[in-house]
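Readers should treat all values here as calculations from the given coordinates under stated rules, not as data from a laboratory. As the structure is a prediction and not an experimental result, all values here were calculated from the model. Virtual Cβ from ideal backbone geometry, glycine too; neighbours counted across all protein chains shown.
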Amino acid sequence: MQKSVMGDVVKFVIPEELELTNAQQIKKMIYEDAFEKGFKKVILDFSKTKYIDSTGLGVMVAIHKQALMNAGAVVFLHLDSNIKNLLKMTALDRILNIYDNEEEAVEFLNK
């Protein structure tokens, strides 16, 4: 998983699948490389991601919750239309910060 730092924002590029076999490892990496290092602004780039299962959804919610507990925020960027539909069906689109434009996502994080 690629990671880049832009000032006080850390960005992770999520792999093609976020599911049972890799979700906990991805969550651990984000916790260790973002929250434990003091980053409060996190971008998760889903431009390469085509599939998410219920475990992946749980990880998305856990990361969102952890960011809030750290007085920060996480943005979910470039979600595939199928993943957006899944988030709508589960009503997670109402609580997660979803953006299609990285510039707007960074602007949101810097509010």
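General observations
- Failed criterion for residue 17 (all others in (1) more than 14 Å from the chain's Cα centre (by Cα); (2) under 23 Å from residue 88 (Cα atoms); (3) not β-branched (Val, Ile, Thr) hold): (1)
- Pairs where the first residue, in region 1-30, is more than 10 Å from residue 59 (Cα to Cα) and the second is aromatic (Phe, Trp, Tyr) and outside any strand (DSSP E or B), C-beta under 6 Å, 6+ apart: 10/39; 14/46
- Qualifying residue in region 80-93 (condition: of a type outside the set (Val, Ile, Thr) and in contact with an Asp or Glu (Cβ under 8 Å, 6 or more places away or on another chain)): yes
- Residues in region 85-107 that are in contact with a strand residue (DSSP E or B) (Cβ under 9 Å, 6 or more places away or on another chain) and among the β-branched types (Val, Ile, Thr) were compared, and the one that is farthest from residue 15 (Cα to Cα) is 106.
- Within region 1-53, the set of residues being among the charged types (D, E, K, R), in contact with a helix residue (DSSP H, G or I) (Cβ under 6 Å, 6 or more places away or on another chain) and part of a loop (DSSP other than H, G, I, E, B) comprises 19 only.
- The residue that is surrounded by the most Cβ atoms within 10 Å (Cβ to Cβ), counting only those in region 70-84 that are more than 14 Å from residue 14 (Cα to Cα) and out of contact with any helix residue (DSSP H, G or I) (no Cβ under 9 Å at 6 or more places or on another chain), is 82.
- In region 61-105, the residues that are part of a helix (DSSP H, G or I), more than 18 Å from residue 16 (Cβ to Cβ) and of a type in the set (D, E, K, R): 65, 88, 93, 94, 102, 103, 104
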